[in-house]
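**Q** Take a look at the following structure, please.
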């Protein structure tokens with residue numbers, strides 16, 4: 001008989017077991033936003049991970065150990081944005097310093113429609129709450145989130161568009177932008193801080209605006225809209 005070592009099935013929340021690595025940036029009844037930083041060769045204990053959107057601010061080269069003891073290596077480039085289902089695992093950083101922003105779903109009454117958590121087609125331009133606009137690039141969605149990668153070139157300006165869902169915005173680049181609400185005047189330019197996170201309560205007061213990149217480099221932000 002061959003015996004294998006069992007990994008303890010009892011797991012804990014990541015922020016509880018690894019407070020030095022995982023910090024809460026925002027939390028409400030539906031969602032929690034965690035900033036995860038793992039030093040090279042640092043290992044995180046076994047923990048529970050809910051369904052989530054992971055935004056890689058740096059490249060990830062990690063070894064993941066599942067609750068059954070199986071291991072796999074995962075490598076993703078900086079800027080990778082993905083949906084990931086719930087699970088139990090520990091993580092070891094194999095290479096350079098790692099930093100991710102993780103948008104965790106708190107209560108999911110039903111699983112996503114397929115393992116990748118995606119649907120095949122972007123929203124219709126007839127959807128009044130969709131961001132159908134040349135610089136807002138739809139990436140994926142399920143019944144819980146809709147994710148856009150927004151890139152505005154230097155001097156570029158979006159069309160007027162409507163923000164109608166509560167949104168977690170993650171700044172990827174630095175730079176300066178100005179915004180104009182429909183029927184209003186242009187606001188003062190605002191500087192972006194790479195990696196910063198902001199929660200936008202747009203479901204309570206819909207915003208219709210356009211944005212202009214005042215900087216000399218591409219402006220880049222990721223929007224995670226909460227559909228429920």
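**Q** Can you spot a residue in segment 12-34 that is surrounded by 14 or more Cβ atoms within 10 Å (Cβ to Cβ), modelled with pLDDT of 95 or more and either more than 22 Å from the chain's Cα centre (by Cα) or more than 28 Å from residue 167 (Cα to Cα) (or both)?
**A** For segment 12-34, residues surrounded by 14 or more Cβ atoms within 10 Å (Cβ to Cβ), modelled with pLDDT of 95 or more and either more than 22 Å from the chain's Cα centre (by Cα) or more than 28 Å from residue 167 (Cα to Cα) (or both): absent.
**Q** Within segment 57-71, which residues are under 23 Å from residue 103 (Cβ atoms) and either exposed (fewer than 11 other Cβ atoms within 10 Å of the Cβ) or out of contact with any strand residue (DSSP E or B) (no Cβ under 6 Å at 6 or more places or on another chain) (or both)?
**A** Of everything in segment 57-71, just one residue is under 23 Å from residue 103 (Cβ atoms) and either exposed (fewer than 11 other Cβ atoms within 10 Å of the Cβ) or out of contact with any strand residue (DSSP E or B) (no Cβ under 6 Å at 6 or more places or on another chain) (or both), namely 59.
**Q** Given the residues 128, 189, 122, 115, which is the only one that is at pLDDT below 95, out of contact with any helix residue (DSSP H, G or I) (no Cβ under 6 Å at 6 or more places or on another chain) and farther than 24 Å from residue 80 by Cβ?
**A** 128
**Q** Please find, within segment 137-156, the residue that is modelled with the lowest pLDDT out of those that are surrounded by fewer than 19 Cβ atoms within 10 Å (Cβ to Cβ) and over 15 Å from the mean Cα position of the chain (by Cα).
**A** 143
**Q** Considering only segment 187-198, I want to know if a residue exists there that is touching a residue at least 40 places away in the same chain (Cβ under 8 Å) and more than 26 Å from residue 59 (Cβ to Cβ).
**A** So far as segment 187-198 goes, no, none of its residues is touching a residue at least 40 places away in the same chain (Cβ under 8 Å) and more than 26 Å from residue 59 (Cβ to Cβ).
**Q** Considering segment 157-179 alone, what residues qualify as being in a loop (DSSP other than H, G, I, E, B) and either surrounded by 15 or more Cβ atoms within 10 Å (Cβ to Cβ) or at pLDDT below 95 (or both)?
**A** 158, 164, 165, 166, 172, 173, 174
The values are calculated or read from the model by the stated rules, or taken from the named source; none is laboratory data. Just so you know, these numbers come straight off a predicted model, no measurement behind them. Virtual Cβ from ideal backbone geometry, glycine too; neighbours counted across all protein chains shown.
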